Every structure is written in C-alpha cells, then in structure tokens.
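Colleague: Before I ask anything, here is the structure I am working with.
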Amino acid sequence: MSWLRARRALLADESGSASVTAAGIIAAVAALAFAVVAVVAGVAAQHRVAVAADLAAVSGASAYFSGADACGTAVHTASLNGADIERCEVVEGDVIVTAAKGRARASARAGPVASADSVPR
C-alpha cells in the first residue's frame, strides 16, 4: 500500500508543469511568427510583381510611341525587375502586360493620356 501512496503523491506533484506550459506557449508563438512571415513574404512578392508590371507597361508604351518594339522592351524591363511577362499586347495605343513571378501575378496598362478636350464633362 505504501507504494500506492507514493505513486499518488508523485502524480499529485505539479512541479514542472509551468515548464511544459511555457514550452507550449513558446511553440504556439513561434508557429504564429512563421505564419506571419509567410504572409508578409507573399504580400511583398505581389507588390514587387505589381511594380514590375507597371514599369514594363510604361516602358513598353514609351517604346511604342518611339517606334520601337513595345513588347520586347516590356519583357526586358520586367526581367530587369525580376519578373516574367506572361502576356503583352498593344490595343489602340495602350500597352497591356501581365507579369508573374512564382505565384504572384499582376497586370498593368499604359498609354497616352487623353487630352482635356476628349474628356467627357
């Protein structure tokens, strides 16, 4: 019977439970931090691709109105910014590009600004 009492006393002892709780809390905080880092990295990648698409569209439009190859210039500009052009087309003087890198994708359009006389009032 004394071994049973000793076993119960050992099981009733709560020393070390704070260490287990602290380890669980640290693991949860670390998992949350990794999740936040992953989300922030995805958002940053999306922004980088959006900037690359914008720059590619503007450079393509500039090249188009200078008489150069719009899509070739857009592809070159996007590659300098670390993105790939999935689609490039010129529609009525506007250069429309879709850039991608990894899972991030963005589209942009650039062309001439309408004059004040052509804007409806």
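No lab work stands behind these numbers, since they all come straight from the coordinates. Source: prediction; values computed, not measured. Every residue, glycine as well, gets a Cβ built from its backbone with ideal geometry; the counts of neighbours run over all protein chains shown.
Colleague: Go through the residues of the stretch 104-120 one by one and say whether even a single one is among the polar types (S, T, N, Q), touching a His at 6+ places or on another chain (Cβ under 9 Å) and in a helix (DSSP H, G or I). First the steps, then the outcome.
Modeller: Of the stretch 104-120, the ones among the polar types (S, T, N, Q) are 107, 115, 118.
Then keep just the ones that are touching a His at 6+ places or on another chain (Cβ under 9 Å); that gives none.
Within the stretch 104-120 (the criterion being among the polar types (S, T, N, Q), touching a His at 6+ places or on another chain (Cβ under 9 Å) and in a helix (DSSP H, G or I)), the answer is no, since none of the residues qualifies.
Colleague: A follow-up question, please. Among the residues of the stretch 1-53 satisfying the criterion of being among the charged types (D, E, K, R) and loosely packed, with under 10 Cβ neighbours inside 10 Å, which is farthest from Asp84 (Cα to Cα)?
Modeller: First, pick out the residues of the stretch 1-53 that are among the charged types (D, E, K, R): 5, 7-8, 13-14, 48.
Retained after the next criterion (residues that are loosely packed, with under 10 Cβ neighbours inside 10 Å): 5, 13-14.
Working: Arg5: 72, Asp13: 63, Glu14: 59 Å.
Of everything passing the filter in the stretch 1-53, Arg5 is farthest from Asp84 (Cα to Cα).
Colleague: Kindly provide the set of residues from the stretch 71-105 that are of a type in the set (Lys, Arg) and free of Cβ contacts under 8 Å to residues at least 60 places away in the same chain, ordered by number. Working first, answer last.
Modeller: So the first thing to find is which residues in the stretch 71-105 are of a type in the set (Lys, Arg), and the list is 87, 101, 103, 105.
Residues satisfying the conditions are Arg87, Lys101, Arg105.
Colleague: Oh, and also: Among what's in the stretch 1-56 and is of a type outside the set (A, V, I, L, M) and touching a strand residue (DSSP E or B) at 6+ places or on another chain (Cβ under 9 Å), pick the residue that is nearest to Cys71 (Cα to Cα).
Modeller: So the first thing to find is which residues in the stretch 1-56 are of a type outside the set (A, V, I, L, M), and the list is 2-3, 5, 7-8, 13-17, 19, 21, 24, 34, 42, 46-48, 54.
Then keep just the ones that are touching a strand residue (DSSP E or B) at 6+ places or on another chain (Cβ under 9 Å); that gives 42, 46-48, 54.
Details: Gly42: 27, Gln46: 22, His47: 22, Arg48: 20, Asp54: 13 Å.
Checked the stretch 1-56; the qualifying residue nearest to Cys71 (Cα to Cα) is Asp54.
Colleague: Hey, can you tell me all the residues within the stretch 54-95 that are part of a loop (DSSP other than H, G, I, E, B), surrounded by fewer than 20 Cβ atoms within 10 Å (Cβ to Cβ) and either touching a Lys or Arg at 6+ places or on another chain (Cβ under 7 Å) or not polar (S, T, N, Q) (or both)? Before you say what the answer is, go through the steps one by one.
Modeller: Step one: filter the stretch 54-95 for residues part of a loop (DSSP other than H, G, I, E, B), giving 66-69, 81-83, 92-93.
With the extra rule that they be surrounded by fewer than 20 Cβ atoms within 10 Å (Cβ to Cβ), the set shrinks to 66-69, 81-82, 92-93.
Listed by number, the residues that qualify are Gly67, Ala68, Asp69, Gly82, Glu92, Gly93.
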